[in-house]
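Student: One structure, as structure tokens, below. Some questions next.
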Amino acid sequence: MDTRAQTPQDFAVGVSVLLVTIIGVLAFVQGSAVGVYESPDVQRNQPIADRAGTYLVENYSVDGTRNLIRYNTSGGINASLNADTDLSGLKEKAGLDVATERRVNPRVNVTVVNASSLKAGTRDPAVDHHDQRLAWGPDVADRDNVATTSRVVKLTNATGQCDPVCWLVVRVW
């Protein structure tokens, strides 16, 4: 008859396998343990920010290029967003109007941030050669629970803003 009991090595191997399994489940399940601590507003608005960023890049890119945005041309992003002061046209065209009886439409801010601001650790809007800030929509300063998405872009007909690249930042709250 075998009278061998559980050894410390058996215990260590069993606990290690259990911990690896639990950590693996938490790491690979969508909305893992970290997602619990995010604001519900950010979780609800993140897909809206992603959709707006994708819409802007797909609809304002120069045909046959990737992420080269028509800026100061006919039908470019600057003219379109300047004419759409409250960004209601953007929200409608990108399918962001999600109002229901219990929920209002999101507020959206679109900003082009140049590489020098990013290098300095800020997300200040780029400024064009007419000293116009490349930011559209309501100001996002001092807002909490803002969902943000970024796309790396270059601008056509812009002088020095995107050297080498800019970020197109969409914020939703």
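The values are calculated or read from the model by the stated rules, or taken from the named source; none is laboratory data. All of these numbers come straight from a predicted model, not from anything done at the bench. Here Cβ is always computed from backbone atoms with ideal geometry, including for glycine, and neighbour counts include all displayed protein chains. Side chains are part of the model used for accessible areas, which takes the heavy atoms of the whole protein and leaves out ligands, DNA and RNA. Shrake-Rupley method; radii C 1.70, N 1.55, O 1.52, S 1.80 Å.
Student: List the residues whose amide H sits under 5 Å from the amide H of V153, counting only those 5 or more places along or on another chain, with H placed 1.01 Å from N in the peptide plane.
Tutor: C166, W167, L168
Student: Then there is this: Which of T65, T21, T73 ends up with the largest GNM mean-square fluctuation for the chain, with Cα atoms connected below 10 Å?
Tutor: Comparing T65, T21, T73 in the GNM, the peak value goes to T21.
Student: Size of the dipole of the chain about the Cα centre, Lys and Arg at +1 and Asp and Glu at -1 on the beta carbon, nothing else charged, in debye to 20?
Tutor: Using only the charged Cβ atoms, the result is roughly 160 debye.
Student: Give me a comma-separated list of calculated 3J(HN,Hα) values for the range 109-119, in order, Karplus coefficients 6.51, -1.76, 1.60 applied at θ = phi - 60°, integers in Hz, x for any Gly or Pro.
Tutor: Along the range 109-119, the couplings run 10, 10, 9, 9, 10, 8, 5, 5, 5, 4, 5 Hz.
Student: Note the angle between two axes, namely the Cα long axis of helix 40-60 and the longest principal axis of the Cα atoms of the chain, as a number of degrees from 0 to 90, rounded to the nearest 10.
Tutor: Taking the Cα atoms of the chain, the angle to 40-60 is about 50 degrees.
Student: Among V25, V17, V140, which one shows the highest mean-square fluctuation when the chain is modelled as a Gaussian network with alpha-carbon springs under 10 Å?
Tutor: With Cα springs under 10 Å in the chain, the top fluctuation among V25, V17, V140 is at V17.
Student: How far, in degrees from 0 to 90, does helix 8-28 lean away from the longest principal axis of the Cα atoms of the chain, to the nearest 10?
Tutor: 20
Student: Which residues make up the longest stretch of the chain clear of trypsin sites (Lys or Arg not before Pro) that lie in a DSSP loop with no more than 12 other Cβ atoms within 10 Å, not counting the sites?
Tutor: Segment 5-65 is the longest.
Student: Further question: Using the Karplus curve 6.51 cos²θ - 1.76 cosθ + 1.60 with θ = phi - 60°, work out ³J(HN,Hα) for each residue of the range 150-157 in order, rounded to whole Hz, and write x for Gly and Pro.
Tutor: 10, 10, 7, 9, 10, 10, 7, 6
Student: Which far-off residues, 5 or more places away or on another chain, put their amide H under 5 Å from the one on R107, with H placed in the peptide plane?
Tutor: Counting only residues 5 or more places away or on other chains, the set is W173.
Student: While we're looking at this one, here's another question. Quote the convex hull volume per residue of the chain, based on C-alpha atoms, as a whole number of Å³.
Tutor: In the chain, the Cα hull volume divided by residue count equals 214 Å³.
Student: Could you check how much of the accessible area of the range 40-172 is carbon and sulfur, as a whole percent, using a 1.4 Å probe?
Tutor: Ligands and nucleic acids excluded, carbon and sulfur reach 45 percent.
Student: ³J(HN,Hα) across the range 75-92 via Karplus (A = 6.51, B = -1.76, C = 1.60, θ = phi - 60°), whole Hz, x for Gly/Pro?
Tutor: x, x, 5, 5, 5, 5, 6, 5, 6, 9, 4, 9, 6, 5, x, 4, 4, 5
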